[in-house]
Each structure stands twice: as C-alpha cells, then as structure tokens.
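Here, each number is a calculation from the coordinates, and none is a lab measurement. Note that the coordinates shown come from a computational prediction; the quantities given were computed from them, not determined experimentally. All Cβ positions, glycine included, derive from the backbone under ideal geometry; neighbour counts span all protein chains shown.
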Amino acid sequence: MPDPKTGELRGNRNLNRLAKISQSKQDEEIQRGLELGLEAADSINDRSISLFSRGHLPAFAGINTFMKSRYCENIREVGNYEAAFVGVPFDTGTTYRPGARFGPQAVRRISALYDGYCVDGAVDLFEELDLCDAGDIFVIPGNIEKTFDQVSKGISHVFTSGAFPIIVGGDHSLGYPNVRGVAQNISGNVGIIHFDRHLDTQDIDMDERMHTTPWYWTTNNHESVDHSKAHQHHSHMHDVGLSNCPPKNLVQVGIGGWYGNRPGSEVARDRGTSVITMKDFEELGIQGTASLALELAWKDADAVYLSFDIDSIDPAFAPGTGTPEPGGFMPREALEMVRLIAREGLCAMEVVEVSPPYDVNDNTSQLACRVILDVIGTMVSVGKLGHRDQVIGKS
Ligand SMILES: [Mn+2]
C-alpha cells in the first residue's frame, strides 16, 4: 500500500530502508574471494572478480552450501552463528515415492541463486544474519529408530548452541525427532504449526513409525500406548512422546484430499488437534488462517515450531514430493502465511518431503528454499533473529 500521507509506494520505502544497511560483509566477502581465489586476468575490468570463484558469484559456480554460507565443518562451533541449515537426508519413512534423502542437496544447489537481498521484505540476510551450513546429520538408511536418535541428538546440539535450526529433510517421519531435539530444551509448552495435505497423526503405518506418524508421537503426552501393537522389543516405540507438546497446540493447515488420512483422523479427533482444511482456508483467507493458527499454537505455549511439508503447495508448483495431492496452496498463499506466522517468532523450523528425483526444473526445491528465506527473512526484519540493529545506519 502507498503511504497514505506521502503516497510513497511500499517498494520504494523498502529500498530506502535497505539503503541504510551497511554492506561491510559484502565487502569482506569480496576481499576474501580475492585472497583465496587470486586476482583475475588483466582484461577483467571489475577487480572485485577473482580468478577462481570463491564467493557468491556466479550462482551456477562453486561448491554449494546453503546460500553459499560458511560450512560449519567443526560442529562444536555452530554456536558462533545465529542460524544453521541442517540437512537430514533420510527417506526410509516414506510410504509411496522415496527420494527425499536428496532434498538437502537440491535445496543447497538452488539456494545459490539467492543473494539474500529482498526488496519486498526490506531485508538483507547476507548482512543482517550470521548464517552457516552445519552439513547433514549422519542418518542410518535402514533404521528409522536409530536415525531418530541421531536426529534428536544433533538438533538438540544445534538448538542449545543458540543457532536457530533450519532443518531440511528428508521425509516427514523426521517431525518427531526434530521436535524432540528442540522441545526437550524448552521448559514451557511448544506449539506446532504444521502445513500439510496430510494429518500425519496415526500411531504406526505398516508396522513402523513412518512419515505418516510424527504428530502421534510428538503430541502423545504420555498417554498409554498399546505395546502389543507397537512391538517394543524391536524399537523405541515405548518412548511415548513429549510432555510439553500438547495436542491442543498442534495446528494443521491445508489438510485434505483422498489419500492417507483415515487412520490419523481418529487420533486427531480423540486428542483435539486443530485441523484447518483447504475449504476452511478458502473461507478464512490468508490473514484469517494465519491468525487462527497463531492463536491456537501460542495458547499457553512458550515457543512455536514450524513444520512445512512441501506437499501442502499444489503439485502443479511442487511436483517433486513423496505424496502429491492436488488442490493445495498456491506458492504466494503459502509464502504469505509463513511470513505472517514467522512475525511472532519461532523456536525452529523444518521443510520436509522435497523429493528431487520427481522434481521439474528444481521448482520444488526452489519453493522449499523460498519458504526458508521468507521465514528467516521475516524473523530478521522484525528483530527475532539476526542483528539488524548492528548494521543499520542513522541516515
Ligand atoms: Mn504430506
């Protein structure tokens, strides 16, 4: 909207805001590139270009970490950063199309396109956020339960270091160990806002915990579990969930379609989770859906976790996923909702179910990248993440 007094457009206001942000990290990056990559050939007029590509440019060149951020190879040092991309390349929990194990690498590759400067968000991530790529957690492809233990320990390490975890899967079975790694370090209740076409609240699927089951275990609240069904000798299924993730704070957005929701429906009904279908969304609108989700997730909670299944976006836009279901969100709707949700702050986020072997033109991994950028960009712009106050001038 133009400013009612001056008539100035939002875009131009944002450009003025961005102009106040120092470019010192940009300059340091160029100096570093020249030092490590050597001086360019004599015919190159732009002397900020190095001989070997070592920084952000060109987007198609180089060794890709997420956003070409620093690789935090020594994971003990992850607390030196404000946010950390963590890959979890695991898809043993899929029940239809596999391939999400390649999700983190695909998101890293397409993320190199972005330079962190966003006019419509009025934010410069490169300058305003110390971001790293923490690499991938060592998952065990043949064993879901051992993988869950690795994941919770790894995510807990990142979270307690102080870095905001940006977790990229991997299939949605990871929702449980991801939240476990975070929630065990939070004293109050943790709300969960879950974008998906599927409920993912059933207890087991084909005799195991799969990508259809994360919220059953996360929001279990120590209620009794029928161990005769859950073959406790084989697995960790006696581990009956998290005490501070009550079902009343689980909000599921975008649910619908014709696949996979039968077993979870009963659990959602019994526990009283909040299910916002696509039809509800049509009636509530973008703003109404986001504010309802925030109200429910934050009720008596100390923190909120965002779980974004890329299949919540229509497969016309996001075909590279394990369980596509037509009739989902348009990208612009989903991105606006996650921005509205991120404004209130998050304790961590995950994007799951990106399956690059089924993708077209990297569209799905690019949307996953956009969900991440729009979330962390919003959090930086409202001061819930990063260090805007340190890089903004007085002019
Ligand atoms: Mn799903």
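One table, with the values for the structure above:
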{"read-out": "Mean Cβ count within 10 Å, highest first, over the residues of peptides 41-53, 84-96, 153-165", "value": "84-96, 153-165, 41-53"}
{"read-out": "Nitroxide proxy distance, nm - points 7 Å out along Cα→Cβ at Ala316 and Lys279", "value": "2.1"}
{"read-out": "Cβ-Cβ FRET estimate between Gln31 and Val382, R0 fixed at 41 Å, reported to 0.05", "value": "0.85"}
{"read-out": "Beta bridges by DSSP in the chain, antiparallel share as percent, to the nearest 5", "value": "15"}
{"read-out": "Cα-based helix-to-principal-axis angle, 10-19 vs the chain, degrees rounded to 10", "value": "60"}
{"read-out": "Backbone N within segment 100-140 under 18 Å of label point (7 Å from Glu8 Cα along the Cβ vector)", "value": "118-124"}
{"read-out": "Sparsely packed GluC sites (Glu not before Pro) within segment 38-95, loop by DSSP, other Cβ within 10 Å at most 12", "value": "Glu73"}
{"read-out": "Virtual spin-label span in nm between Glu77 and Leu113, 7 Å along Cα→Cβ", "value": "3.1"}
{"read-out": "Between helix 262-271 and the chain: long-axis angle, C-alpha atoms, 0 to 90°, nearest 10", "value": "90"}
{"read-out": "Highest to lowest packing among 259-271, 342-354, scored as the average C-beta count within 10 Å", "value": "342-354, 259-271"}
{"read-out": "Highest-fluctuation residue, Arg101, Arg76, Arg197 considered, GNM on the chain with Cα pairs under 10 Å", "value": "Arg76"}
{"read-out": "Cα-projected label distance for Ala40 with Asp120, points at 7 Å along beta-carbon direction, nm", "value": "3.1"}
{"read-out": "Segment 60-391: Lys pairs at Cα distance under 23 angstrom, eight or more positions apart or on different chains", "value": "5"}
